[in-house]
Amino acid sequence: MAMNQAKIIASNDSIISAVKTRDYKRLATIADKLQRDTDFDYVVIGDRHSIRLYHPNPEKIGYPMQFTKPGALEKGESYFITGKGSIGMAMRAKTPIF
């Protein structure tokens, strides 16, 4: 289910546009609504270099994401990764935004 949710988020035209233009305010509006209106524990959105563009803790924005699979997103690969990150232990579903 987490991967399906990640892919739905990644294919959202508003998110794609906001990532391309680095519209942090728009990303925050969308991600905050997703967290509020769904059962997502949290949403993090990053760029192709794994730099956070949105994070529920605004102090994390602009810094590299943890637990990435180098090269996967650039190749269009989606993947799961588990580990303790800035929000604690979690299984993360990561998918590219195109």
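Values quoted throughout were computed directly from the atomic coordinates according to the rules given, and no laboratory measurement underlies them. Fair warning: this is a prediction, and the values are worked out from it, not measured in the lab. Neighbour counts run over all protein chains shown; Cβ positions are idealised from the backbone, glycine included.
Structure notes:
- Listed residue (A31, I97, M1) projecting farthest to the positive dipole end of the chain, Cβ model: I97
- Which of A10, L73, F40, positive extreme of dipole for the stretch 2-94 (C-beta unit charges): L73
- For the stretch 20-98, GluC sites (Glu not before Pro) are listed when DSSP marks them as loop and at most 11 other Cβ atoms sit within 10 Å of their Cβ; the list is E74.
- GNM result for the chain, Cα springs below 10 Å: residue of T29, T38, T68 fluctuating most strongly: T38
- Computed from point charges on the beta carbon alone (+1 for Lys and Arg, -1 for Asp and Glu), the dipole magnitude for the chain about its Cα centre is near 200 Debye.
- Sorted from longest to shortest, the spans of the Cα atoms of the chain along the three principal axes equal 27, 27, 27 Å.
- Only Cα pairs under 8 Å and 6+ residues apart enter the sum, and on that basis the relative contact order of the stretch 2-94 stands at 21 percent.
- Listed by chain and number, the lysines whose alpha-carbon sits under 23 Å from that of K60, ignoring those within fewer than 8 places in the same chain, are K7, K20, K25, K33, K69, K84, K94.
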